[in-house]
Amino acid sequence: MASRNTTSLGERMAQLSLASDNGVGDLLPSAGALLKVLSYLNAKEIQEEIVFVGMRSVALPNFPATTRAYLDARAALVNAGMVTHAISSRTLKIKTYARARAMQDMSNGKKESRLAFDAAVVLLSAGWPFLTTQNVNSVTRLGTVRKFMPHVVALRSACMDLEAAEVVPDMRFCALLQEEAWLEILQTNIRDMHLECYSHCLPMAHRIIRYHQLAFIEPIRKDEYSKLLMNQARLQGIAASLLGQEQEAFGFLRVWVNTLRARFNTLGEREDERMLAFVYNETGMQEMRKTVDDTQRALQSFELARETVDRLKGPRELVFDFALPIVNEALMYAHHCNDFETAERILTPLLGENCQIDDETSLETGIILFAMGTVKAHLGKRNIFKSKIALGLLKRALAVLENTHGETALFTLAATYRLAATLYEQNEYDEAIVNLDKINLAFKDYRRSFDSVRGADILLQKGRALWKSGRALLALGEENMELEAQEVLDESKQIHWDVTGRVGGDSDVIEDRWDCLIYHLYR
């Protein structure tokens, strides 16, 4: 019985494998269609779950729409040596020559290229957890986006070739480009802090959206179009703000809020109403990024955001947790008003009197712990009890942020610095240096130079960490450390001069000056 089944399977595989050296056209039609679509994704690792979730959404002729049809097509590609299948990880890898053949077969027809590209977008989009007000702080969503982002990057690269051939893909691809921009804006690693989305994926999305606007899209998709337009303005505004493009940022933010209100007035969707809280929060953050920051207007914006969140919470609604406006308001009172008591009072309801919070499914948990730890650390300069509490909060914040955001995320590095500074205040110089070394090592990968306004804030954070490292090395009182300490301090002072045009100092009293130079409101 076993022998007969094996033979039957072998015969079936032989029937499925019809490929030859001549090209993709010799494959089963379903295998050829599958290969062409998957060739637009990250060919080195294609998770099969993408195919299983999205296959029924693809309207491309011959594309396998059932599990059986997919397994047959996959077997044909594997037997032809064009694809390898890793059973344990359930992933596919397309051989370089096979991908090249698939692309070559499509190069003669613009329509075929676009259809296959659009099919790849549909396939990937089917299971994508697109950003909403409900999942914006989901750690699970962040992990999924990171996992599948290489496919968006591959699609963007392929789209550049399509554009060169005057082929414009369907506008639904813009939603994936906007997801790429969102991930960079979150700044969960040093590479993302360069915000290259402002010069690649966002301009590409803008071109595609504009094309479909000029081409007068079909009425049935006007809602989809307005949502893309709204999200485009949102992301361009935030990116411009982070890069110091003040006028552009406010312009995009105005388009965002106007489009959002128009959508809500027309459709009345609660998702759009909730989004107003995010508009107010981003507006407040931009007010503080202005050349001359406007603290009062920013506080008003954060208050509007908080009121919107409170108003839209109800017993029958889905959970709408958005604590960032509260955190931003507290940090503003702390760093810009030097009112740490008010900041502590604002944050206390988020943690409770005993500062207990342990939800690691939300990106905001570590942020809240970091904010309260920062406030307690400053209060601890004149209250040793609060200084001890601050250490505990900051250590918890760091442990959470490393898990939820990543070891070199902007919030993680900020928490690492505040922990090191607090340890320094308590004369724990060795432990402070260990944490500062983590920051210094991370920022070595930051490439922007001082002559770019766009990199000023990150460079100042780099300089502050170097300065604190130098002070900690000197505080150890070891003669063999003095030369290293001076080199670190010199590098720090050079950054200070390059960015501000002013000479920094060596004294501990300039810590507040460093803090005042650095923007404290992140995402």
For residue 359 and residue 294, extending 7 Å from Cα along the Cα-Cβ vector and measuring point to point gives, in nm, a value of 3.3
Simple spin-label estimate for residue 65/residue 519, 7 Å along Cα→Cβ, in nm, reads 4.9
Around residue 272 (Cβ within 10 Å, Cβ-to-Cβ, excluding residue 272; K/R +1, D/E -1) the net charge comes to +2
Here the equivalent ellipsoid of the range 143-208, derived from its Cα gyration tensor, has semi-axes (largest first, whole Å) of 21, 12, 10
Length gained, residue 258-residue 96, 0.36 nm per residue minus C-alpha separation, equals 53.6 nm
With -39,500 (n - 2.57) per DSSP H segment of 4 or more residues and division by the full residue count of the chain, the 222 nm estimate, nearest 500 deg cm²/dmol, is -21500 deg cm²/dmol
Calc'd 3J(HN,Hα), the range 26-41, phi into Karplus 6.51 cos²θ - 1.76 cosθ + 1.60 (θ = phi - 60°), Hz, glycine/Pro = x, comes to 8, 7, 3, x, 5, 5, x, 5, 4, 4, 5, 5, 5, 5, 7, 8
Simple SL model, points at 7 angstrom along Cα→Cβ for residue 89 and residue 104; separation in nm is 2.8
Residues whose modelled amide H sits under 5 Å from the amide H of residue 200, counting only those 5 or more places away in sequence or on another chain, are none
Going residue by residue through the range 115-125, the Karplus relation 6.51 cos²θ - 1.76 cosθ + 1.60 with θ = phi - 60° gives ³J(HN,Hα) values, rounded to whole Hz and with x marking Gly or Pro, of 4, 5, 5, 4, 5, 5, 5, 4, 4, 6, 6
Per 10 angstrom bin, beginning at 0 and ending with the bin that holds the maximum distance, the Cα pairs of the chain fall in percents of 4, 16, 24, 21, 16, 11, 5, 1, 0
At q = 0.15 Å⁻¹, the log10 of I(q)/I(0) for the range 90-130 from a Debye sum over equal Cα scatterers comes to -0.48
Computed over all unlike Cα pairs, the Kirkwood hydrodynamic radius of the range 117-237 in Å stands at 14.8
So the FRET efficiency between residue 265 and residue 342, C-beta based with R0 = 51 Å and rounded to 0.05, is 0.90
When 151, 206 are arranged by how many other beta-carbons sit within 10 Å of their Cβ, fewest first, they go 206, 151
Sorted on mean Cβ neighbours within 10 Å (highest first), peptides 386-395, 407-416, 261-270 come out as 407-416, 386-395, 261-270
1/(1 + (r/R0)^6) with r = Cβ-Cβ of residue 157 and residue 431, R0 = 51 Å, i.e. FRET efficiency to nearest 0.05, evaluates to 0.70
Quick shape check on the range 57-130: root eigenvalues a ≥ b ≥ c of the Cα gyration tensor, a/c under 1.5 is rounded, otherwise prolate if a/b tops b/c, else oblate, and it reads oblate
Checking rank on 230-236, 275-281, with mean other Cβ inside 10 Å and highest first, the result is 230-236, 275-281
Of 64-71, 423-430, ordering from highest average Cβ density within 10 Å down gives 423-430, 64-71
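Read the figures in this text as sums done on the coordinates, not as results from a lab. Note that this is a predicted model, so its numbers are computed, not measured. Quick reminder, even Gly has a Cβ in these numbers, built from the backbone with ideal geometry, and neighbours come from all protein chains shown.
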